[in-house]
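Chemist: Have a look at the structure that comes next, please.
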Amino acid sequence: MVNLEALIFDVDGTLADTERDGHLAAFNKAFAGAGLDWDWTVEVYGDLLTVTGGKERIKYFLQRYLPDFRPEGELDAFVAELHAAKTEYYKTLMADPGLPLRPGVERLLREAREAGVRLAIATTTTPANVTALLRNSLADDAEDWFEVIAAGDVVAAKKPAPDIFVWALEQLKLPPESCMAIEDSDNGVKSVIGSGIRSLLVTVNDYTRNQNFGDATMVVDHLGSKEQPCKVLAGPDLIGDQVDLGALRSIHQYAWK
Ligand code: XBP
Ligand code: MG
């Protein structure tokens with residue numbers, strides 16, 4: 001019997017569907033603001049999402065789509081400045097019009113808090129983006145709900161490298177078998193498994209539903225709510241219409257049986 005002590009949540013695509021209407025929109029606003037005629041489409045962004053980290057994604061875009069582009073100064077400085085502008089646009093978008101959390105996310109977070117299950121975040125996104133999403137879409141004090149917010153450049157190697165989940169485990173002072181991760185993408189799954197965590201729930205979204213989640217304990221369309229029952233897409237049928245704490249405990253036991 002392994003105890004479930006902590007839940008470690010990914011952010012983008014998991015807590016909220018932030019990529020298309022948040023990050024993609026913010027990137028394009030930053031490009032326009034910098035006088036660049038780059039305009040990432042939803043489809044191109046789907047390819048660019050294979051690279052995690054906004055700065056790394058801009059560099060991948062240049063290598064793959066604009067290999068002859070040369071900024072005036074140093075490339076790293078150019079990308080850092082463009083990405084900083086993008087983050088400001090993203091923070092504004094999180095406040096206005098804002099983005100709702102995905103089905104069942106707030107319900108499950110509140111249930112876990114009430115039950116004393118520790119909460120953490122492990123994300124590739126910039127810390128300021130996490131703050132903006134939590135304050136605007138969950139609660140003013142929502143950052144305090146999470147004991148650890150492992151985000152962005154706190155580690156050198158981003159997902160699919162395991163570093164961000166390893167860092168979160170170190171900060172929690174917990175072994176992998178005491179934790180469950182909730183992710184949305186194949187990069188996230190690789191990062192979780194590489195960290196030694198084997199209890200892993202994937203909630204897919206439009207950008208990730210066709211990816212390979214081979215090592216996930218269970219894959220669902222979302223965490224479910226009364227209005228929107230969830231559907232099991234892969235793994236043991238251990239849940240009803242909603243993923244609640246009881247279901248997570250069953251999934252956790254199943255993962256470590
Ligand atoms: C998703 C990412 C991030 C965001 C963009 O993070 O890969 O890079 O797409 O945010 P996760 P930044 O799914 O791990 O939450 O521009 O701040 O990187
Ligand atoms: Mg994600």
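Chemist: How many residues does segment 28-61 contain that are within 10 Å of ligand 1 (Cβ to nearest atom), aromatic (Phe, Trp, Tyr) and surrounded by fewer than 18 Cβ atoms within 10 Å (Cβ to Cβ)?
Modeler: Qualifying residue count, segment 28-61: 0.
Chemist: Of the residues that make up segment 22-41, is at least one in contact (Cβ under 8 Å) with a residue 40 or more places away in the chain and under 30 Å from LYS257 (Cα atoms)?
Modeler: The answer is no, given that none of the residues of segment 22-41 is in contact (Cβ under 8 Å) with a residue 40 or more places away in the chain and under 30 Å from LYS257 (Cα atoms).
Chemist: Looking for whichever is over 24 Å from LEU49 (Cβ atoms), modelled with pLDDT under 95 and either of a type in the set (S, T, N, Q) or touching a helix residue (DSSP H, G or I) at 6+ places or on another chain (Cβ under 9 Å) (or both) here; the options are PRO236, PRO176. Which one fits?
Modeler: Result of the check over PRO236, PRO176: PRO236.
Chemist: Which ones in segment 2-43 are on the phi > 0 side of the Ramachandran plot and out of contact with any helix residue (DSSP H, G or I) (no Cβ under 7 Å at 6 or more places or on another chain)?
Modeler: Hit for segment 2-43 is GLY35, nothing else.
Chemist: Looking at segment 168-176, is at least one residue within 15 Å of ligand 2 (Cβ to nearest atom), assigned by TED's automatic domain parsing to the domain that holds GLY104, buried (at least 20 other Cβ atoms within 10 Å of the Cβ) and more than 20 Å from VAL2 (Cβ to Cβ)?
Modeler: Within segment 168-176, not a single residue is within 15 Å of ligand 2 (Cβ to nearest atom), assigned by TED's automatic domain parsing to the domain that holds GLY104, buried (at least 20 other Cβ atoms within 10 Å of the Cβ) and more than 20 Å from VAL2 (Cβ to Cβ).
Chemist: Here's another thing I want to ask about it. Within the bounds of segment 36-46, is there any residue that is within 16 Å of ligand 2 (Cβ to nearest atom) and farther than 20 Å from ALA151 by Cα?
Modeler: yes
Chemist: Out of segment 98-116, which residues are more than 22 Å from LEU24 (Cβ to Cβ) and surrounded by 19 or more Cβ atoms within 10 Å (Cβ to Cβ)?
Modeler: Passing the criteria: GLY104, LEU108, LEU109, ALA112.
Chemist: Shifting gears a bit: Please tell me if THR14 is surrounded by fewer than 19 Cβ atoms within 10 Å (Cβ to Cβ), under 15 Å from the mean Cα position of the chain (by Cα), within 16 Å of ligand 2 (Cβ to nearest atom) and hydroxyl-bearing (Ser, Thr, Tyr).
Modeler: Considered against the rule, which asks whether it is surrounded by fewer than 19 Cβ atoms within 10 Å (Cβ to Cβ), under 15 Å from the mean Cα position of the chain (by Cα), within 16 Å of ligand 2 (Cβ to nearest atom) and hydroxyl-bearing (Ser, Thr, Tyr), THR14 comes out as no.
Chemist: Filter segment 57-92 for residues that are touching a residue at least 60 places away in the same chain (Cβ under 8 Å) and closer than 30 Å to ALA6 by Cα; which is nearest to ligand 2 (Cβ to nearest atom)?
Modeler: My answer is TYR90.
Chemist: Give the residues of segment 226-237 that are buried (at least 18 other Cβ atoms within 10 Å of the Cβ) and farther than 20 Å from ILE193 by Cβ, sorted by residue number.
Modeler: Result: CYS230, single match.
Chemist: Same structure again: Looking only at residues that are of a type in the set (Val, Ile, Thr) and in a loop (DSSP other than H, G, I, E, B) in segment 172-224, which one is nearest to ligand 1 (Cβ to nearest atom)?
Modeler: Only one residue fits best here, namely THR208.
Chemist: Based on this model, can you work out whether ASN129 counts as surrounded by 24 or more Cβ atoms within 10 Å (Cβ to Cβ), among the polar types (S, T, N, Q) and over 27 Å from GLY116 (Cβ atoms)?
Modeler: So ASN129 fits the description; yes.
Chemist: Go through segment 101-123 and count every residue that is closer than 28 Å to PHE61 by Cβ and touching a helix residue (DSSP H, G or I) at 6+ places or on another chain (Cβ under 7 Å).
Modeler: Of the residues in segment 101-123, 3 are closer than 28 Å to PHE61 by Cβ and touching a helix residue (DSSP H, G or I) at 6+ places or on another chain (Cβ under 7 Å).
Chemist: Answer yes or no as to whether GLY98 is outside any helix (DSSP H, G or I) and over 25 Å from ASN205 (Cα atoms).
Modeler: no
Chemist: Restricting attention to segment 80-95, which residues are among the aliphatic types (A, V, I, L, M) and surrounded by fewer than 19 Cβ atoms within 10 Å (Cβ to Cβ)?
Modeler: Residues satisfying the conditions are ALA80, ALA84, ALA85, ALA95.
The values are calculated or read from the model by the stated rules, or taken from the named source; none is laboratory data. Keep in mind that this is a model prediction, so the values were computed, not measured. So basically every Cβ, Gly included, is an ideal-geometry build from the backbone, and we count neighbours across all protein chains shown.
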